[in-house]
Structures are given as structure tokens and as C-alpha cells.
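Contents: one structure, followed by commentary.
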Amino acid sequence: MDNRRLQTLSFIAIMTTCGIIFLLHGLLQANSILDYYITQHQEYIQEEQHAALVPSGNISQRGDIDRFPIFGTKEFDRRCPWIHLGRPPTKSLRNCTILARPSPQTAEGISSWIPHVVSGHVMSLQTGCRFLLDYGVGIDLSRVLEPRSPWIDWRVPENYNCDRDPYCVLASDRYTDLGGKDKKAAVAKVSGKDEIASVHNVRTAFKSKIDESLKELSLPDLRKALPGLELSSFATCSLRSLFRLSKNAIEFQPNIFSTILPKLHSKHSMSISLYIRTGRTENLGGKEPTAEHREKALPIIECAIHLEEKYRPTTSTWMIVTDSQYLKRWITDTYTKSSDVRTVLHTQSTGAHTRATRGPSTVDFAEAFIDWYLIGESDVVIGSGPSFSDTATLRTKRPYYLEERGKCLKKEVFETVEVGKDE
């Protein structure tokens, strides 16, 4: 009986020891994986600093494709000197706040939120009000993005409620005499500043014919309030200074720092983002009309091939951003060439729309934001649809093309130039 008891105790001791060893091994492995991803994120930040200043090696000799400088560099300060005018201590007469948040009744997504972010930020620099941003109740922005600088910390403090703060104003997509009188007056009231220049709606920055009346609406006043501000780059200066991807982005796209961003930033390849909107964002159910979606994609693909022929890079990388899972597979299978000619990349996002009325989750927002962010990380962008690729391109001021009537239509901020395929 004593021997059996001893054997049982010995067995328990061995199993307990094995369990502890297994647990420690798992913890060490988990820490190693965490350290690996943290290292990847740090390398991404360092590479981003370099890529912001150095054009892609295959196309830099043309001189017409460069990268808008990253926040924190001397070149950024030269092109965006007005960004630093809003540094603490606050210049406002009151402890006011401007919060950029989508309306809970809106049927729009990220591309509608971005103009609120830009205009709210520019307003905060004029008034000295604190600037905060979020995407509505239940959306954790820190899961995918983080502030670029501690002095532009836009994170909403815990338990803060703008609705209960008499000195908080929700940002508008513009503060112009054509559509934002009430908002402009509200900002003036909470900040104690009467002279506030209107801010242009950057969602229409690539649609100059539509917004021609706004082109010079308040630019002189803006330049007076924020010396050095330029109409063609103020949105890019703002967005580049506010946020970057956080290390937590790997939760939603595991290879974003290890594969996707290094490929898009490579000095030895030309990278092209292709944004193809099919409408699956509005309805993810039912059978996908694959033939119809191929027809939508082909002109954009032809535009990408035309740009490859124009720039003649040794190698190229296509970043496919679309709400169609079928198109991701089809384009990858059909247009990938050997690894030294053309690589096709895409994310694992579902393409779900992030409009507030749909009740998006943090996962929905994170996946959509990563897609939006990656569009602007390539050398050139080819877009489609209302404005998702417009605002994504504006973040980094990339060369931007739309396919129209058999031509690649090159778009400039507040200016349109046609580029024929016979160039």
C-alpha cells in the first residue's frame, strides 16, 4: 500500500513538473512572439522614416514620384511649418475641446470621418482647443493606430463625455461660409476667439470641378492664421502628423510589418495600390457576381499595367484593396508573375462598411483602416468609387490615377490633368 501510494505521489510530482515546464515554455514562446512583433513594429517605424525621404530606386530618376516627408523630419517642418503653431501651452481663453467623431446617424464610413479629423485638427491649431478623435461608441482606435507625437495626443480620456462638456464641439467636415456657420460660431464661443478661418472639405480635394467655388474661399485667412499653410498640402500635413499604425495592427493583419509594408517601401521595386470597389461593402451576403466584378476590375488593372509600361521598373508590387474576396484571389492568381517581376499583395479584411448606422465593431474599423492606410503607402495609387481611395491617397499625397474613357486620368489636389495611354 505504501509503495502504491509512493508511486502515485511520484507520478503526480512528475506530471506537475512537466506541466510547469510546459507552461514556462509556452510563456517564453509567447514572449518571444510578442517581442518579435514589437521588433517588427519598431523596424517599421525606422523604415518609414527612411522611406519618407527616399524615392523608390527604380523610378527615382524620373523625379516625378517622391514620398511626402514624415512628421518629425526637417523636410516635413519645411513643408508644414504651421503644424507646430498649436503646441501647448494652449492659446485658448477657455479649456475647450474639439472632438472628431462620426455622427451616429451617418451612412458614411472612414472617408467621411477623415475630413472631420482634418478640419477639427486645423481648427484646434487656430484656437488652441484640445483636439480629440474617436470613431464612436465601442470602437477602440488604439487597437490599430496610435498618436505620432505625445504633444498631439488625440486619445479620448477615460470617462470623458463631450455631450456633458459645455466647452466641447464636435468637428464638422468643413467650417465654411457655405455650410458651417453654426459650427464655426460654436467653436468661436467655446474658444473665446472671434476670428477663425474656414477650413475646406478635403473629401472633395480631387474633385476640383465640384468644389471650384471653395478653392479660394478662405485660403488667405487660413494662411494668416497658420503661416506657411498651402491648399494643396494642408490635409497631408495634418494627417501625417496625427497618427500611424500601432503594434496591435498585427492582430488584424499578421504580416503587415513583416511583409506588406517592406514590399511597398522597397527601393528596388515600384509599388502600386489598386482600389476596386464593387459594392460588396454594402451587402456581404448572397452569391458574388464574379463576372461583373471582373469587368469592374479590368480597367483599373489595365491602368496599372500602363503605369508599369510608363515607368518601366525592374520589379513591381501590386497592393489590392477591395471589398471582393473573389477579386483578391483572381487578381493574385492571374497577374502574379515570378517573384522577380511582379508581386501581388492583399489583406485578409472582409471589406465590411464602417458606416455608423451599421453598428461597426472594432474589428470592422481596424480592417477598413488598415486597407485605407496601406493605399497611401505605395508609390502610386489607382482608385475607384466615391472617396475612399481619394482620402487615403491624400494622407501621403501620392500620385493618383483614375481610369476613365480608356485613359488613366491623373488627379491633382484641386486640379485635374489627363494623361493619355500613348505617353
Q: Only residues of region 362-390 count here: report those whose backbone N is under 16 Å from the spot 7 Å along Cα→Cβ of Val137, or say none.
A: 362
Q) Which residues in region 358-402 place their backbone N less than 15 Å from a point set 7 Å from the Cα of Thr350 along the Cα-to-Cβ direction? A) 358-369
Q. Between Glu309 and Ser361, what is the spin-label point distance in nm, taking each point 7 Å from the Cα along the Cα→C-beta axis?
A. 4.5
Q: Return the long-range amide H neighbours of Glu403 (sequence gap of 5 or more, or a different chain), with a cut-off of under 5 Å between placed amide H atoms.
A: Gly383, Leu409
Q: Roll a 1.4 Å probe over the protein heavy atoms and report the accessible area of Phe68 in Å², nearest 10.
A: 10
Q. In what order, largest first, do Glu195, Glu230 sit by accessible area if the probe radius is 1.4 Å?
A. Glu195, Glu230
Q: Report the full-extension gain for the segment Asp221 to Ala107: residue separation times 0.36 nm, less the Cα-Cα distance, to one decimal in nm.
A: 37.8 nm
Q: Using amide H atoms built 1.01 Å from N in the peptide plane, name the residues 5+ places from Ser269, or on other chains, whose amide H lies under 5 Å from its own.
A: Gly57, Asn58
Q. To the nearest 0.05, what FRET efficiency results for Lys189 and Arg164 with a Förster distance of 22 Å applied to their C-beta separation?
A. 0.85
Q. How many nm separate the modelled label positions at Lys410 and Tyr326, each set 7 Å beyond the Cα in the direction of the Cβ?
A. 3.5
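Express in nm, to one decimal, how much length is gained between Ser149 and Leu298 on full extension, taking 0.36 nm for each residue of separation and deducting their alpha carbon distance.
49.5 nm
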Q | Hull-based mean projected area of region 221-333, where the convex hull spans the alpha carbons, in square nanometres | A | 11.0
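Hey, which of these cross-link pairs are over 24 Å Cα-Cα: Lys74/Lys397; Lys267/Lys310; Lys189/Lys397; Lys267/Lys296?
Lys189/Lys397; Lys267/Lys296
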Q.
What distance in nm lies between label points placed 7 Å from Cα along the C-beta direction at Lys267 and Asp77?
A. 2.4
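Using only the heavy atoms of the protein chains and a 1.4 Å probe, how would Tyr311, Tyr326 rank by accessible area, largest first?
Tyr326, Tyr311
The values are calculated or read from the model by the stated rules, or taken from the named source; none is laboratory data. A quick note: this is a predicted structure, and the numbers were derived from the prediction, not measured. Here Cβ is always computed from backbone atoms with ideal geometry, including for glycine, and neighbour counts include all displayed protein chains. SASA here: full protein model, heavy atoms, side chains in, ligands and nucleic acids out. Shrake-Rupley method; radii C 1.70, N 1.55, O 1.52, S 1.80 Å.
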